[in-house]
1. Can you report the number of residues in the range 126-147 which are in a strand (DSSP E or B) and either in contact with an Asp or Glu (Cβ under 7 Å, 6 or more places away or on another chain) or over 25 Å from GLY230 (Cβ atoms) (or both)?
2. Look through the range 301-312, keep the residues that are within 20 Å of the chain's Cα centre (by Cα) and assigned to a loop (DSSP other than H, G, I, E, B), and return whichever of them is surrounded by the fewest Cβ atoms within 10 Å (Cβ to Cβ).
3. Check CYS318, CYS298 and return the single one that is surrounded by fewer than 20 Cβ atoms within 10 Å (Cβ to Cβ), touching a strand residue (DSSP E or B) at 6+ places or on another chain (Cβ under 6 Å) and either in contact (Cβ under 8 Å) with a residue 24 or more places away in the chain or not in a loop (DSSP other than H, G, I, E, B) (or both).
4. State whether one or more residues within the range 82-98 are buried (at least 22 other Cβ atoms within 10 Å of the Cβ), at positive phi and assigned to a strand (DSSP E or B).
5. Can you name the residue in the range 51-106 that is under 24 Å from SER229 (Cβ atoms) and among the hydroxyl-bearing types (Ser, Thr, Tyr) and, of all such residues, is farthest from the chain's Cα centre (by Cα)?
6. Can you find, within the range 87-125, the residue that is nearest to ASP253 (Cα to Cα) among those that are of a type in the set (Val, Ile, Thr) and at pLDDT below 95?
7. Among the candidates SER325, SER261, SER272, SER250, single out the residue that is within 19 Å of the chain's Cα centre (by Cα), in contact (Cβ under 8 Å) with a residue 12 or more places away in the chain and under 15 Å from SER97 (Cα atoms).
8. Only one of LEU40, LEU14 is farther than 14 Å from THR235 by Cα, more than 22 Å from the chain's Cα centre (by Cα) and either modelled with pLDDT of 90 or more or not in a loop (DSSP other than H, G, I, E, B) (or both); which?
Amino acid sequence: MQAKKKLGVRPAVLAASMISLLMSPVISTVAAPSATAEQLHAWHDSLKNFPPVSEGCFQADYPSLAWQQVACGETPTYRSNPKYRGADTVGNGYDYSATTSHLTQSATGSFPSEAGGGSGGYTLQLNTNFGNGPTAFCSALGYSSCQTWEQFIYSSNYPGNAGTGVSGPQAFIQNWMFIPAHKRCPSGWNGYKTSSYNGCYKNSKGIAAPAVGLSGLSGGSLSGSASTSGLDTVTFTYGGTAYAVSQSGSTLDIGATWNNSEFNVVGNGGGSAATFNSGSSLTVKVATNDGTTNAPTCTGPTNGGTTGETNNLNLGACVAAGGTSPYIQFTESN
């Protein structure tokens with residue numbers, strides 16, 4: 001087993017955060033026996049301000065804000081679908097997303113409430129908008145222009161790759177670049193060809209994460225952050241443990257174009273659907289950070305999303321709020 005490598009956090013900030021987190025009474029829970037749900041929520045929020053400072057895979061356990069480096073896995077066979085047409089149920093372009101007034105620096109998706117559950121595999125996806133790649137980025141890869149798209153993903157039952165021994169739930173980033181149909185993808189990128197464009201995609205490393213059923217979504221959250229001069233990071237948090245994967249921000253330069261965030265529970269890649277039981281319902285929250293207190297805009301539902309995966313729920317109304325933690329929130333049910 002690979003030894004864990006501790007990464008430092010500024011002592012003064014860490015101490016202040018720990019005092020705040022530990023002042024309230026401690027009540028036992030199944031997810032983290034030493035923490036209340038409110039304390040865990042505060043810890044989840046605090047972690048967003050202290051992402052890993054290097055590329056790789058990391059884990060943090062409540063109440064610490066210090067990440068420990070752990071072994072990464074491979075994710076070579078997973079592929080999502082970009083949207084290709086509208087849908088009546090959630091996904092495949094028909095969804096709400098949070099549009100910020102400035103460039104989005106980070107976003108977090110969660111489920112404040114749920115009922116019903118379901119069966120089968122699924123992904124949690126936090127997706128950026130399709131953006132025109134910066135000229136310098138596209139030209140460095142040999143294209144006069146290109147579009148980029150980044151997905152922060154938790155896969156509930158990633159099947160692994162034959163011979164690697166890697167399988168099970170994972171969190172990772174999927175990177176997409178769209179180029180003219182007659183162009184070839186760069187070395188190291190896989191191709192997803194259509195009649196109108198060639199989609200080039202590659203995955204970051206993946207980190208093993210716990211198996212969570214469709215009836216346990218309210219216990220977790222999925223975050224993504226991006227920086228053109230630093231790192232892009234996906235963080236899946238469940239109970240008292242957080243799992244993160246960081247890659248270079250120059251992989252897509254998505255931090256230069258990200259201003260729209262779609263978050264939902266959908267199928268496990270390849271345009272598939274997540275299946276909920278009849279009578280199920282979810283409340284979906286997408287919190288955004290663009291450096292302001294402005295409320296994001298509820299974009300959609302028509303053409304509000306970018307993923308081609310779906311679920312069998314129907315969208316309700318969407319509301320938006322500003323303040324110290326701006327967000328949109330909406331319901332979906334069947």
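The values are calculated or read from the model by the stated rules, or taken from the named source; none is laboratory data. For clarity, every value in this text was computed on a predicted model and none was experimentally measured. Because the Cβ atoms are built from the backbone with ideal geometry, glycine has one as well, and the counts that use them run over all protein chains shown.
1. Of all residues in the range 126-147, those in a strand (DSSP E or B) come to 126-127, 131-132, 147.
Right, trim to either in contact with an Asp or Glu (Cβ under 7 Å, 6 or more places away or on another chain) or over 25 Å from GLY230 (Cβ atoms) (or both) and you get 127.
Adding up the residues that qualify gives 1.
2. Going through the qualifying residues, I end up with ASN303.
3. Values: CYS318 fails: surrounded by fewer than 20 Cβ atoms within 10 Å (Cβ to Cβ).
Only one candidate passes the filter, namely CYS298.
4. yes
5. Going through the range 51-106, the residues under 24 Å from SER229 (Cβ atoms) turn out to be 51-58, 60, 65-67, 69, 72, 98-106.
So of that shortlist, the ones also among the hydroxyl-bearing types (Ser, Thr, Tyr) come out as 54, 99-101, 104, 106.
Details: SER54: 18, THR99: 16, THR100: 17, SER101: 20, THR104: 13, SER106: 10 Å.
Looking at residues that are under 24 Å from SER229 (Cβ atoms) and among the hydroxyl-bearing types (Ser, Thr, Tyr), I get SER101.
6. If we filter the range 87-125 for residues that are of a type in the set (Val, Ile, Thr), which is where we start, we get 89-90, 99-100, 104, 108, 123.
Pick out the ones that are also at pLDDT below 95 and you get 89-90.
Details: THR89: 32, VAL90: 28 Å.
Result: VAL90.
7. One residue alone meets the criteria, SER261.
8. The match here is LEU14.
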